[in-house]
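Student: The structure under discussion is supplied below as structure tokens; questions concerning it will follow.
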Amino acid sequence: STRKESSAASDVYKRQDLMFASFLEQIPADTEVPEIIEDVTKIAAQSGLVTSTISLDSAVDLGVYYALPINVTVEGDYHDLGEFVAGLTQLKRLISLHDFSLEKTVNGDLKLNLAAKTFQFNNQENR
């Protein structure tokens, strides 16, 4: 019984290690942050949207990692906006989407404002 418990615990640790390794791959290094901005811009263009804003705000120190807020404003039709949001979820880097707002433009399109966050390890932390 003890061997079974030990084996089960070992399997759990192996799965957690794999999950953590996968998570680490999704958090960008310093040099990859501009790449994320480029990816967001590319997905907007591929979705047929007009990009009016993609800006990076100041990093928020959360101890082990930083949250890097990105403000995004794009315009287009409803389905193109849906394709854009779906494309963001497929990025190889971790990005979370927050605070959506939609408004109708003068020409009848929709303007999507959203706050996105990506994350970066804090190399100064010694935890």
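Student: With respect to P28, determine if the residue is modelled with pLDDT under 80 and not in a helix (DSSP H, G or I).
Tutor: yes
Student: Considering only residues that are among the charged types (D, E, K, R) and under 30 Å from G63 (Cα atoms), look in the stretch 100-127 and name the one that is modelled with the lowest pLDDT.
Tutor: Of everything passing the filter in the stretch 100-127, R127 is modelled with the lowest pLDDT.
Student: Name the single residue, out of those in the stretch 91-127 being polar (S, T, N, Q) and within 18 Å of E35 (Cα to Cα), that is least open to solvent (accessible area, probe 1.4 Å).
Tutor: Restricting attention to the stretch 91-127, the residues satisfying the condition of being polar (S, T, N, Q) are 96, 101, 105, 107, 113, 118, 120, 122-124, 126.
Remaining after also requiring within 18 Å of E35 (Cα to Cα): 96, 118, 120.
On the way: S96: 31, T118: 1, Q120: 27 Å².
Among those residues, the one meeting the criterion is T118.
Student: While we're here: Tell me which of these L88 doesn't satisfy, since it passes every other one: (1) surrounded by 15 or more Cβ atoms within 10 Å (Cβ to Cβ); (2) in contact with an Asp or Glu (Cβ under 8 Å, 6 or more places away or on another chain).
Tutor: So L88 meets the others, but not (2).
Student: While we're here: Here's a check for you: in the stretch 60-75, which residue that is open to solvent by 40 Å² or more (accessible area, probe 1.4 Å) and closer than 20 Å to K92 by Cα is modelled with the lowest pLDDT?
Tutor: Step one: filter the stretch 60-75 for residues open to solvent by 40 Å² or more (accessible area, probe 1.4 Å), giving 60-62, 64-66, 71, 75.
Narrowing the set further to residues that are closer than 20 Å to K92 by Cα leaves 65-66, 71.
On the way: Y65: 81, Y66: 84, N71: 95.
Result: Y65.
Student: Please count how many residues of the stretch 53-70 are in contact (Cβ under 8 Å) with a residue 24 or more places away in the chain and of a type in the set (G, A, S).
Tutor: Total satisfying the criteria: 3.
Student: Quickly run through the stretch 61-88 and pick out the residues that are of a type in the set (V, I, T) and either within 17 Å of K111 (Cα to Cα) or under 15 Å from the mean Cα position of the chain (by Cα) (or both).
Tutor: I70, V72, T73, V74, V85
The values are calculated or read from the model by the stated rules, or taken from the named source; none is laboratory data. Everything numeric in this text was worked out from a predicted model, so none of it was measured. For neighbour counting, all protein chains shown are included, and Cβ atoms are generated from backbone atoms with ideal geometry for every residue, glycine included. For the accessible areas, the whole protein counts, side chains as well, though only heavy atoms, and no ligand, DNA or RNA atoms are used. Shrake-Rupley method; radii C 1.70, N 1.55, O 1.52, S 1.80 Å.
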